[in-house]
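**Q** Below is a structure I'd like to ask you about.
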Amino acid sequence: MAAQTFDMIVIGAGPGGYVAAIRGAQLGLKVACVEREHLGGICLNWGCIPTKALLRSAEVFHLMERAKDFGLSAEKIGYDIDAVVKRSRGVAAQLSGGIGHLLKKNKVTTIMGEARLTGKGKVSVKTDKGTEELTAKNIVLATGARARELPGLEADGKRVWAYKTALQPPHMPKKLLVIGSGAIGIEFASFYNTLGAETTVVEVLDRVLPVEDAEISAFAMKAFTKQGMKILEKSMVKQLDRSADKVVAHIETGGKVEKMEFDTVISAVGIVGNVENLGLEELGVKIDRTHVVTDEFCRTGVEGLYAIGDIAGAPWLAHKASHEGVMVAELIKGMHAHPVKPETIAGCTYCHPQVASVGLTEAKAKEQGYEVKVGKFPFIGNGKAIALGEPEGLIKTVFDAKTGELLGAHMVGAEVTEMIQGYVIGRKLETTEQDLMETVFPHPTLSEMMHESVLDAFDRVIHM
Ligand SMILES: Cc1cc2nc3c(=O)[nH]c(=O)nc-3n(C[C@H](O)[C@H](O)[C@H](O)COP(=O)(O)OP(=O)(O)OC[C@H]3O[C@@H](n4cnc5c(N)ncnc54)[C@H](O)[C@@H]3O)c2cc1C
């Protein structure tokens, strides 16, 4: 059969790939999108969305436990883990189905199968029915990533889980060890801890959520500990002894190894890019560890071949993948495109309390030679936070003392993952401290704290 020809072929239908495909089609390009498993990729099926559905169940459960605080009564509060998981899988399925409709509506040709590059501009797709050959001047790699496995700590789906099993657990853990306190590890720790699992988190670096501002990490650490989590910082899991009903972990802290027993372990030690079996080596595509090397426009160095999203490296976030998808489609159309700057991308963690940040931490700003002005505002000083029964949290802002540029914003507390976008827009528009101080924030809202934090940096805070 003759090869089908397109203007643009996208390999992978995660938030990078499907968004690139839709934007390309909007611009009038003839687009094919190839996916080997589920439309929506990790994000919709095994990442962002199903975890948030689980965490919502935990949040409602936690609120029900606090019913009395709100003058309400709720008796015999409980949960059915299978029903909680069923809801999460249902949400994922609904959204994955929605991507199919969006691709169709935009006239993208969706091909379910495994794609491989067979030459410049050539893709071969293995489908259920055989092999399809496709050609295009432009090909976008958006094949994503998977859980990283450390020797000896590999997931087995029984007692030691990676994220896919943690999302549809074979049993409810009673005594849980989470290895790694990045966003994925902490979200699972938060979920299972809230539902009653005795949870220990081991972090090799010197603090929990190590990419966050040190003060935010410390705040979160205190909150997690208060909720009963045990957090071992500067510690390393050296070995796991597995048996049918338990795992003995050898955990090293300060040169001393302690053995601890758990019934379940979640390994959340990072991700590796899906770079294998794509024909990349043959085309001379550069790979650094497990990620395709690209320039700021996601170009691989091979003419007409782009890589976006998780396969192209950090930050491993769905919105970064999507934004790169749009940029690449516009480049292919011949439009003027702006590179995606990592420092403008917010990171959000949906644990309890939530954590969100954008830009430089105070330490990083100082390391880069900035003279900084720092503002802070605690949730306890905000009317809406008190009315919501969420008085624990902090908003911290970091400014360049010389120019008034907002260098970074860091938040911990209720709904901060929704609020951070206010600062993201501020940074994108290069607002000064003056603009932010002159902005009117509605009352009563949690967002008023964003204003107060800025006012505090310039010694004008009102409610503190
Ligand atoms: C548990 C968890 C929670 C997360 N939570 C968040 C969050 O809250 N917010 C956030 O921003 N990010 C979150 N992430 C990260 C987010 O899921 C990823 O950054 C995002 O999915 C990356 O998008 P992508 O399009 O690059 O790749 P993916 O979503 O991984 O999609 C790649 C697709 O390519 C397909 N594919 C691979 N190889 C081939 C091939 N050869 N042929 C055809 N198809 C192929 C795969 O099947 C997959 O569907 C989370 C991740 C995990 C694991």
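The values are calculated or read from the model by the stated rules, or taken from the named source; none is laboratory data. If you're wondering where the values come from, they're calculated on a predicted model, not measured in any experiment. All Cβ positions, even for glycine, are placed from backbone atoms using ideal geometry, and neighbour counts span all protein chains on display.
**Q** Has region 202-209 got at least one residue that is in the same structural domain as residue 247 (by TED's automatic domain parsing), buried (at least 21 other Cβ atoms within 10 Å of the Cβ) and touching a Cys at 6+ places or on another chain (Cβ under 9 Å)?
**A** Within region 202-209 (the criterion being in the same structural domain as residue 247 (by TED's automatic domain parsing), buried (at least 21 other Cβ atoms within 10 Å of the Cβ) and touching a Cys at 6+ places or on another chain (Cβ under 9 Å)), the answer is yes, since at least one residue qualifies.
Residue by residue, here is whether (1) of a type in the set (Lys, Arg); (2) modelled with pLDDT of 95 or more; (3) under 30 Å from residue 414 (Cβ atoms) holds:
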{"site": "204", "(1), (2), (3)": "no, yes, yes"}
{"site": "213", "(1), (2), (3)": "no, yes, yes"}
{"site": "222", "(1), (2), (3)": "yes, yes, yes"}
{"site": "225", "(1), (2), (3)": "no, yes, yes"}
{"site": "229", "(1), (2), (3)": "no, yes, yes"}
{"site": "235", "(1), (2), (3)": "no, yes, yes"}
{"site": "249", "(1), (2), (3)": "no, yes, no"}
{"site": "256", "(1), (2), (3)": "yes, yes, no"}
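Yes or no, residue by residue, for (1) assigned to a loop (DSSP other than H, G, I, E, B); (2) touching a helix residue (DSSP H, G or I) at 6+ places or on another chain (Cβ under 6 Å); (3) at pLDDT 95 or above; (4) not small (Gly, Ala, Ser):
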residue: 335; (1), (2), (3), (4): yes, no, yes, yes
residue: 338; (1), (2), (3), (4): yes, no, no, yes
residue: 343; (1), (2), (3), (4): no, no, no, yes
residue: 358; (1), (2), (3), (4): no, yes, yes, yes
residue: 365; (1), (2), (3), (4): no, no, yes, no
residue: 375; (1), (2), (3), (4): no, yes, yes, no
residue: 380; (1), (2), (3), (4): no, no, yes, yes
residue: 390; (1), (2), (3), (4): yes, no, yes, yes
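**Q** Which condition breaks for residue 7 when tested against (1) out of contact with any Lys or Arg (no Cβ under 6 Å at 6 or more places or on another chain); (2) not in a loop (DSSP other than H, G, I, E, B)?
**A** Going through (1) out of contact with any Lys or Arg (no Cβ under 6 Å at 6 or more places or on another chain); (2) not in a loop (DSSP other than H, G, I, E, B) one by one, residue 7 breaks only (1).
**Q** What tally of residues in region 299-311 results from selecting those that are under 30 Å from residue 51 (Cα atoms) and either part of a loop (DSSP other than H, G, I, E, B) or near the ligand (Cβ under 8 Å from one of its atoms) (or both)? Can you show your working first?
**A** First, the residues of region 299-311 that are under 30 Å from residue 51 (Cα atoms): 306-311.
If we keep only those that are either part of a loop (DSSP other than H, G, I, E, B) or near the ligand (Cβ under 8 Å from one of its atoms) (or both) as well, we get 308-311.
Qualifying residue count, region 299-311: 4.
**Q** Only one residue in 110, 165, 135, 127 is more than 14 Å from the ligand (Cβ to nearest atom), surrounded by 13 or more Cβ atoms within 10 Å (Cβ to Cβ) and either without any contact (Cβ under 8 Å) to a residue 60 or more places away in the chain or of a type outside the set (A, V, I, L, M, F, W, C) (or both), so which one is that?
**A** Values: 110 fails: more than 14 Å from the ligand (Cβ to nearest atom); 165 fails: more than 14 Å from the ligand (Cβ to nearest atom); 127 fails: more than 14 Å from the ligand (Cβ to nearest atom).
Of the residues listed, the single one that is more than 14 Å from the ligand (Cβ to nearest atom), surrounded by 13 or more Cβ atoms within 10 Å (Cβ to Cβ) and either without any contact (Cβ under 8 Å) to a residue 60 or more places away in the chain or of a type outside the set (A, V, I, L, M, F, W, C) (or both) is 135.
**Q** Follow-up. Every residue in region 35-67 that is in a helix (DSSP H, G or I), more than 7 Å from the ligand (Cβ to nearest atom) and among the hydrophobic types (A, V, I, L, M, F, W, C), please.
**A** 44, 49, 53, 54, 55, 58, 60, 61, 63, 64, 67
**Q** Could you please let me know if residue 95 is hydrophobic (A, V, I, L, M, F, W, C), free of Cβ contacts under 8 Å to residues at least 60 places away in the same chain and within 16 Å of the ligand (Cβ to nearest atom)?
**A** On the way: hydrophobic (A, V, I, L, M, F, W, C): yes; free of Cβ contacts under 8 Å to residues at least 60 places away in the same chain: yes; within 16 Å of the ligand (Cβ to nearest atom): yes.
Answer is yes for this residue.
**Q** Does residue 143 fit the bill of being in contact with a Gly (Cβ under 6 Å, 6 or more places away or on another chain), under 25 Å from residue 290 (Cβ atoms) and in a helix (DSSP H, G or I)? Give the steps one after another, and end with the answer.
**A** On the way: in contact with a Gly (Cβ under 6 Å, 6 or more places away or on another chain): yes; under 25 Å from residue 290 (Cβ atoms): yes; in a helix (DSSP H, G or I): no.
Criteria not met by residue 143.
**Q** While we're here: If residue 434 satisfies every condition in (1) assigned to a loop (DSSP other than H, G, I, E, B); (2) in contact (Cβ under 8 Å) with a residue 12 or more places away in the chain; (3) over 18 Å from residue 215 (Cα atoms); (4) of a type outside the set (D, E, K, R) but one, which is the exception?
**A** Failing condition for residue 434: (1).
**Q** Residue 70 passes all but one of (1) farther than 22 Å from residue 10 by Cα; (2) within 16 Å of the ligand (Cβ to nearest atom); (3) in contact (Cβ under 8 Å) with a residue 24 or more places away in the chain; which number fails?
**A** Failed condition: (2).
**Q** Does region 404-416 contain any residue that is assigned to a loop (DSSP other than H, G, I, E, B), closer than 20 Å to residue 370 by Cα and touching a helix residue (DSSP H, G or I) at 6+ places or on another chain (Cβ under 7 Å)?
**A** Looking for residues that are assigned to a loop (DSSP other than H, G, I, E, B), closer than 20 Å to residue 370 by Cα and touching a helix residue (DSSP H, G or I) at 6+ places or on another chain (Cβ under 7 Å), one finds at least one in region 404-416, hence yes.
**Q** Continuing with the same structure: Of everything in region 71-85, what is exposed (fewer than 12 other Cβ atoms within 10 Å of the Cβ) and either touching a His at 6+ places or on another chain (Cβ under 9 Å) or not aliphatic (A, V, I, L, M) (or both)? Give them in sequence order.
**A** 71, 73, 75, 76, 78, 80, 82
**Q** Would you point out which residue out of 258, 276 is among the charged types (D, E, K, R) and in a loop (DSSP other than H, G, I, E, B)?
**A** Details: 258 fails: in a loop (DSSP other than H, G, I, E, B).
Result: 276 is the single residue among 258, 276 that is among the charged types (D, E, K, R) and in a loop (DSSP other than H, G, I, E, B).
**Q** Quick one: which of 44, 54 is out of contact with any Gly (no Cβ under 9 Å at 6 or more places or on another chain) and of a type in the set (A, V, I, L, M, F, W, C)?
**A** 54
**Q** Does residue 165 count as outside any strand (DSSP E or B) and β-branched (Val, Ile, Thr)?
**A** Here the answer is yes, as residue 165 does meet what is asked.
**Q** Going through region 317-341 one residue at a time, which ones are within 13 Å of the ligand (Cβ to nearest atom) and out of contact with any His (no Cβ under 7 Å at 6 or more places or on another chain)?
**A** Within region 317-341, the first condition is being within 13 Å of the ligand (Cβ to nearest atom), and the residues that meet it are 317-326, 328, 340.
Once the filter is applied, which keeps residues that are within 13 Å of the ligand (Cβ to nearest atom) and out of contact with any His (no Cβ under 7 Å at 6 or more places or on another chain), region 317-341 yields 317, 318, 319, 320, 321, 322, 323, 324, 325, 326, 328.
**Q** Right, something else. Given 281, 296, 252, 258, which one is on the phi < 0 side of the Ramachandran plot, among the acidic types (Asp, Glu) and either within 16 Å of the ligand (Cβ to nearest atom) or under 19 Å from the mean Cα position of the chain (by Cα) (or both)? If you could, list the steps in order and put the result at the bottom.
**A** Details: 296 fails: either within 16 Å of the ligand (Cβ to nearest atom) or under 19 Å from the mean Cα position of the chain (by Cα) (or both); 252 fails: either within 16 Å of the ligand (Cβ to nearest atom) or under 19 Å from the mean Cα position of the chain (by Cα) (or both); 258 fails: either within 16 Å of the ligand (Cβ to nearest atom) or under 19 Å from the mean Cα position of the chain (by Cα) (or both).
Exactly one residue qualifies, and that residue is 281.
**Q** Just name the residue that is nearest to the chain's Cα centre (by Cα) out of those in region 1-18 that are more than 8 Å from the ligand (Cβ to nearest atom) and within 26 Å of residue 315 (Cβ to Cβ).
**A** Going through the qualifying residues, I end up with 10.
**Q** Name the one entry in 426, 413 that is of a type outside the set (S, T, N, Q) and at positive phi. Step through it out loud before you land on a result.
**A** Working: 426 fails: at positive phi.
Within the list 426, 413, the selection yields 413.
**Q** Continuing with the same structure: List pairs: first residue in region 143-155 and among the β-branched types (Val, Ile, Thr), second residue within 7 Å of the ligand (Cβ to nearest atom) anywhere in the structure, Cβ distance under 6 angstrom, at least six positions apart or on different chains.
**A** These pairs meet every condition: 143/11; 143/12; 143/274; 143/311.
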